[in-house]
Structures are given as structure tokens and as C-alpha cells.
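Before any comments, here is the structure.
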Amino acid sequence: MSTSIAARQGAARERRHGGDADAAATRRRRRLLVGYVPMVLLALFFLFPLVFMFVSSLKPDAQILSDIGSPQAFLPVGDISGQNYVDVFDRVPVVRFVLNSVLVTTLIVGLGLVVNSMAGFALSRLEWTGRKVVLTMIIATLIVPFETIAIPMVYWVSKLPTVVLENGLPMYDFGWLNSYHVQIVPFIANAFSIFLFTQYFSTIPRSFDEAARIDGAGWFTIYRRIIVPLSGPAFATVAILTFLPAWNQYLWPLMVVQQEDLRPVMVGMQYFFQVNPAWGEVMAYTSLITLPVLVMFLAFQRAFVSSIASSGVKG
Amino acid sequence: MAIPTQQVAPQSLPGSPPPSRRRRRGAAAARGGSRSAYAMVAPAAFLLVLFLVIPVLLAFGLSFTNARLISPNPPRFVGLDNFVRAFTSDPTFVRSFINTFVFAAVVVPVQAALALFMAILVNQKLRGVTWFRVIFFVPVVTSIVVISILWDFMYQGDGLINSMIDTLTFGAFQGTDWLGNPSTALGAIIVLSIWQAVGFHMIIWLSGLQTIPEELYEAARMDGANAWQQFKDVTWPGLRSTMVFILVTITIAALGLFVQIDVMTQGGPRNATTTLVFHAVRKGYREQETGYGAAISLIFFVIVLVIALVQRFLTREKD
């Protein structure tokens, strides 16, 4: 709307000034060129590898290699088929890997939303001894990169107790390696999620709580019936920010899950780490595990982008 | 809500409760409040202690032992042996240390600057600019594992990158086997790492740009400031806190370089791409020397901490 009004005004101005019209038009064209050309070039730079990946996943290996020398590398032409996808499903337990990742990701995100939002609620809206200390400690832990604690953590989880069934009787055993819970439980509580919830909840007027208190509502009721329904954007942000790393987990499952049927999609890719992989199949597999995330991103791009932007408030 | 009726009943009784009882109720409510608070913080606190605090303490503790991942013998205290070994008798560690710094030294300024340039581009009032934002962001939502495999394929001697270089330079420049050549491998990994992550920081710069009021630009234009002067005197000063955040996050991410190395080069060729985290995983996990791996992780952590503190300090000074 506003652009078209501006354009009309500009046109009117040009008519009035007559002789300046050509110069103004040239200036505008130059401005558009300066604005668009770098963006288009960058867009090509960011898209070409992914286009190459999707297109190659539809071609036989020999054609992928022969197309590399020409623009055909980026075009779905020639011997196009879904054969690579069929072969991937035959050769690799793709369905199993995807289900594992879906399970692990869903539980990390879902349980994380509950646990971290409850903590954020208590930290932002309740008065209790030790609140400031706990909040400071949580913010302090934000500086610890996961890579720092990965090695000691493998050692630690290999010593944790677990319950196993022996002849139908529950027994204690030690070691969390090779399980689903070792991929999920360590990532449920998240200091950054707690921080985001605390920030968001503290913007909701306290008079809401007081009114509900007078009506006799307990704190948990206030959390569940008042705060949660008012905090959609915070929940969406935390869900998005925890979804991506959970789906993309690599280092951790690489170390703690050797059993193939428990592996997530990213580690499952090790199937293809060999000297001369079948590149068509590799591209089919990587396309398969990338597409769901891309589709989700495109559908919710506004929420994605504002989540990332709000993660910058830390500074 | 059904709660109000329950509550109204006792209080509306003739001869309302004596003040002492009311006070007791208030105190009980406050106590109940902190009981609820502890109950609601407990799950998160318990998990954070178990999977963050204890591992951090273990990183410190195990660094001074000869702990192994699977061993019949309990860990033995060895003092500073692991650290001495790293700096004096483990050339791969020293190489990892240097590579990690070279990687960060290139990635941090280039990625931050490119991200800012892109943020300024997509902050223009042009039609379709949102689509460019989305496109620049696509690599960020793509797994780094997928991207590493993809670029591994493109970087091959007769791969896509070399054929594109050949076409774009009309055959004037001959590519190489980028990842197989010790003098180009780290550079090749730098390029794909920036390609993957720059969209993230573009969005952060963009949110910083959008907090600068339009009136400031109008005022600058009225004073006759050109585009560069507007950037220098309005945009840049308005982005200071964003810059601190961006520099710190890029630095920490860059120092943690691991996946690209693990997927593409395994630290090779001839240790040209081995990094601190890759070396820590190789020693602490693959060779099961938990104590030594923990020591390397701790060195990595101290570097991260120092850099984060220094960057904060420097930017605070200027304010």
C-alpha cells in the first residue's frame, strides 16, 4: 500500500518537474539495482548447495557426476526418478532413525516446555528465599558450552543407576549408555529456556495473580489457567529454539548410543561415511531428513525469525 | 472458575473470622507460596544439577586424574600431569589449539561483518525483502551434519566447486582437492561454516537495527549526512550491545568447532584441521582417556570464559 502511494506521489512530482523526470527515474533505477543486486547474488550463494542436493537426489550416480561440469547440475533434467529414495529405504533403517529422532525431539521439547516454564514462573512471580541466588546461578550457567562437559558427562551417565527387568523383576543396574533416556533426560531442563520464560512472565501484570489469589486460586492454578494461556509467544519461541538442536543432535548420541536401532537421524548418516559412497543415495537421505525441517521453517518462518531475534536479548 | 464460590462461603458467614486467624491465613498463604515455588523449581533445578553442575565439577575433578571410560581401577589423582602432557608432549594438542584459534580469528570478524551487511540489505524498504531474509536463513535451519556431507561432496577435486570456479573464471584458476590439501582444508571448512551460520547473526543484527528510531536517520539526513555518515554516526553507535552479543556468540560457537571436522576430515590431512573439541573427543572418548579428555575440555572452557569476559570488559570500557 504505502509503496504504491509513494510511487504515485513520486510520479506526480516527476510530472510537475518535467525536466527532472528522467534524472529521477535513473536515480530510482540505480537505487533499486544497488538494493537488489547484492541480495540476489547472496541468495544464489545460499541456495545453490541445497538446490544441488535436492536435484542430485533424483539422479543416478553417473549422471550426477557428468552433470557437475554444466548448469544441469542444478536442474532436474535427464534420468529423473525416485530410485535413490527407494534404495535408501532398502539399505538403511531410515524409518527407525526418523522415529527415534521424532521421539527424542518431541520429549525434549514437550517436557522442556513444562519443566522450564514452571521454573520460570516460580522465578519471576513468586517470592521465596533463595530466588535471587537460583536465578543468578541459572544465568551463570549460560556461558558453559555443551562441548565442555560432553566428555565428563559420558563418564557420568555411564555410572548412573537405571532400572532393568531381569526375569520379569525390576533390578538396579548401572549405566545409561545405549538407551532413549540418555538422549532425552539431560536436555529437558535448559537454562536459556528458563531465562526466556522468566523474562516473558515478568511482563505480565501482577494484578492478575492478586485477583486470582483473592478468588482463592493456588499458585499452580494461576500458572496453568492464567500465565500459560497468556504466554503463547514465549512457548512458541522456546519450542522452536529447543527443537532445532534436538533434531540436529550429533556429538552426544555419537558417543552414548552404539546400538543401531536407537540411533537418531544425524548419527544414522554414518552409514554413508565410506571411501566411495553412493552419492545419489546420500543426497536422498540428506534431503529426506532436511525437508521436514525446511517445510516447518517455511510454514512458521515469522515465528522462527522472531524467536532467533528474541534470543539476542541476552546481550 | 468454581473456586470463588467455595471461598465466599466461609468469609460471608456472620461475624467474620477474628483478625488473628486472618493473619495466620496470610502467613500460611505466604508459606504455601514458597512451598509451591520450591515444588515448581525442583524438577528443573534437579535436572540442571544432575546434567550441568555435576558434569562441570567432574570436568574439573577428572582433569587431575587418570580416569578411563571403562576401567576396573578407580581414577587416581595425578596432579597437573594431564595439562603438562597437553602442552609439552602432545603435538596434536598444540596443533588443535592453533587451528582452533586460526578458525575463530577468521570466522568471528568475517561472519559478523557479512551478517551486518546482510542485515542492512534486508532492512531496506524494498518489495520482497522478506523472501531474501527467509532464503538467507535457510542454511541455519539445515543440520550442520547434512551441510558437512554436502560440502564434502562439492569440495572434491572434480566436484561442483571446482567446476564452478572453472566456469566463473573462464578456466583462469585451477581448483584443488580442497579438503585433501593441508594448506586449503581449514579455509574450505571456514567458508562452509560461515555459509551455514551467518543467517542467524543477520537476524540478530536486524533486530538491533530495528530498535534504532527512524527519526535519528531523518535528523541526520536533514543535516546533510550521506549514507556512510548515517551508518557511522547513527547505525553503528546504536548497535553496540548487539555487537557484544554477536561477537561473544560467534566466538564461543567458533571455538567449539567439531561436527564439520568429524564428518569431513577427521582432523586431517596431516592434522591441518584438528581442533580442541575434536581432539578432546578423540582422546576422551574414542581412546577412552576420560581424564585427559576432561583436561582438554577444561582448557577449552577457560579460553571461552576468558574471551567472553574480555569482550564484555572491552565493550563496557567504551561506553
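Read-outs: derived from the displayed coordinates by stated rules, not from any lab. Computed from a prediction, not measured in an experiment: that's the story for all the values here. Please note: Cβ atoms are built from the backbone with ideal geometry, for glycine as well, and neighbour counts cover all protein chains shown.
Each label was represented as a point 7 Å from its Cα along the Cα-to-Cβ direction; for A:THR106 and B:VAL94 these points are 5.3 nm apart. Between A:SER81 and B:ALA227, the FRET efficiency estimated from the beta carbon spacing at R0 = 60 angstrom works out to 0.70. Rounded to 0.05, the FRET efficiency of the B:VAL53 and A:ASP215 pair, given R0 = 45 Å and the Cβ-Cβ distance, is 0.70. Select from B:LEU48, B:TYR285, B:ILE212 the residue farthest towards the positive end of the dipole of chain B; place +1 on Cβ of Lys and Arg, -1 on Cβ of Asp and Glu, and compute about the Cα centre. Ranked along the dipole, the leading option is B:LEU48.
With 0.36 nm allotted per residue and the present C-alpha distance subtracted, the B:TRP131-B:THR211 stretch has 26.7 nm of extension available.
Selection among B:GLN266, B:VAL107, B:MET243 by position relative to the dipole of chain B gives B:MET243 as farthest towards the positive end (Cβ unit charges, Cα centre). Dipole of region A:112-179 computed with +1 at Lys/Arg Cβ and -1 at Asp/Glu Cβ about the Cα centre; of A:SER117, A:THR136, A:TRP156, farthest Cα towards the positive end is A:THR136.
B:ARG35 versus A:ALA25, label points 7 Å from Cα toward the beta carbon: distance in nm? Placing both labels 7 Å beyond Cα along the Cβ direction yields 8.1 nm. If only the Cβ of Lys and Arg carry +1 and only the Cβ of Asp and Glu carry -1, the dipole of chain A around its Cα centre is close to 1760 debye. Sites count as exposed loop sites when they are trypsin sites (Lys or Arg not before Pro), lie in a DSSP loop, and have at most 11 other Cβ atoms within 10 angstrom; the longest stretch of chain A without one is A:1-158. The gain in end-to-end length when the A:SER70 to A:VAL98 segment is fully stretched comes to 6.7 nm, 0.36 nm per residue minus the alpha carbon separation. Rounded to the nearest 20 debye, the dipole magnitude of region A:85-146 is 260 debye, with +1 charges on Lys and Arg beta carbons, -1 on Asp and Glu beta carbons, and the Cα centre as origin.
When a/c is below 1.5 the answer is rounded, else prolate if a/b is larger than b/c, else oblate, so apply that to the protein assembly as shown with a ≥ b ≥ c taken from the square roots of the Cα gyration tensor eigenvalues. Walk me through the numbers before you get to the answer.
On the way: a/c = 1.72, a/b = 1.13, b/c = 1.52.
Oblate.
Using only side-chain charges placed at the Cβ, +1 for Lys and Arg and -1 for Asp and Glu, the dipole size of the protein assembly as shown relative to its Cα centre rounds to 2700 debye.
Approximating the spin labels as points 7 Å out from Cα along Cα→Cβ, the B:ALA172-to-A:ILE139 distance works out to 5.4 nm.
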